[in-house]
Amino acid sequence: MEQVDMEVPMIRDVRFVVVAALSALVVAGVALAAQDPGPGGFRGHGPRGAGGPGVGFPLGQLELTEAQRQQIRQLTEQHRTAVGPLLEREGAAVVARQQAIEALPVDEGRIRAASEELAQVQAELAVQRARLQSGVYALLTPEQQQRARQLRAQREGRMKERQDRMRERMQQRQRQPA
């Protein structure tokens with residue numbers, strides 16, 4: 001029994017570190033997406049595109065002008081400033097909720113309160129992300145906006161195809177005898 005008691009705080013610590021690291025990666029991804037790659041340089045195309053998860057479309061494929069890049073850098077810096085404290089609150093809220101879930105005896109009120117706090121912080125982060133996306137989109141020319149919509153539609157199509165393939169594999173596994 002003592003071993004379990006020692007593992008729970010370690011699991012909490014690991015989860016907090018993971019959440020904090022992921023949050024920092026999101027902010028860093030947005031900042032990197034707005035940087036000038038230089039002629040023929042790396043444009044930051046990762047699994048979520050050059051824009052990272054915060055921008056919502058791959059900026060590297062939109063042929064941005066230097067002025068647009070500079071304005072996007074300013075927007076992402078403002079975004080980073082706005083979300084920094086929110087990311088810290090989110091990490092603390094995740095830890096608080098997990099502690100509430102693991103507490104004995106079960107305290108539903110504490111779990112609900114911690115879950116509501118986490119939901120509020122995540123909602124504010126979503127609003128901030130939407131503001132960043134809207135601000136970046138407003139800086140694009142009509143042609144770039146059209147291209148961004150096309151790229152987003154293509155990305156969504158690929159995501160749906162992957163989901164369909166995964167769903168099919170899961171159904172096949174369920175049909176197979178154990």
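Any residue at all in the stretch 107-116 that's assigned to a helix (DSSP H, G or I) and among the β-branched types (Val, Ile, Thr)? Yes, that holds for at least one residue. There is at least one residue in the stretch 154-164 that is of a type in the set (S, T, N, Q), out of contact with any Gly (no Cβ under 6 Å at 6 or more places or on another chain) and modelled with pLDDT of 95 or more. Among the residues of the stretch 104-125, those identified as exposed (fewer than 13 other Cβ atoms within 10 Å of the Cβ) and either among the aliphatic types (A, V, I, L, M) or in contact with a strand residue (DSSP E or B) (Cβ under 9 Å, 6 or more places away or on another chain) (or both) are Leu104, Val106, Ala119, Ala123.
For the stretch 147-177, the set of residues classified as under 23 Å from the mean Cα position of the chain (by Cα) and hydrophobic (A, V, I, L, M, F, W, C) consists of Ala148, Leu151, Ala153, Met159, Met166, listed by residue number. What is the residue count in the stretch 141-173 for residues that are farther than 30 Å from Arg69 by Cβ and in contact (Cβ under 8 Å) with a residue 24 or more places away in the chain? Matching residues across the stretch 141-173 total 0. Filter the stretch 63-99 down to the residues that are in contact with a Gly (Cβ under 9 Å, 6 or more places away or on another chain) and touching a residue at least 12 places away in the same chain (Cβ under 8 Å), then identify the one that is surrounded by the fewest Cβ atoms within 10 Å (Cβ to Cβ). Filtering first and then ranking leaves Gln71.
Considering the stretch 126-149, the residues that are part of a helix (DSSP H, G or I) and of a type in the set (Ser, Thr, Tyr) include one that is surrounded by the fewest Cβ atoms within 10 Å (Cβ to Cβ), namely Ser134.
The values are calculated or read from the model by the stated rules, or taken from the named source; none is laboratory data. Please read all numbers here as calculations on a predicted model, not as lab measurements. Ideal geometry is used to build each Cβ from the backbone, glycine not excepted, and the neighbour counts take in all protein chains shown.
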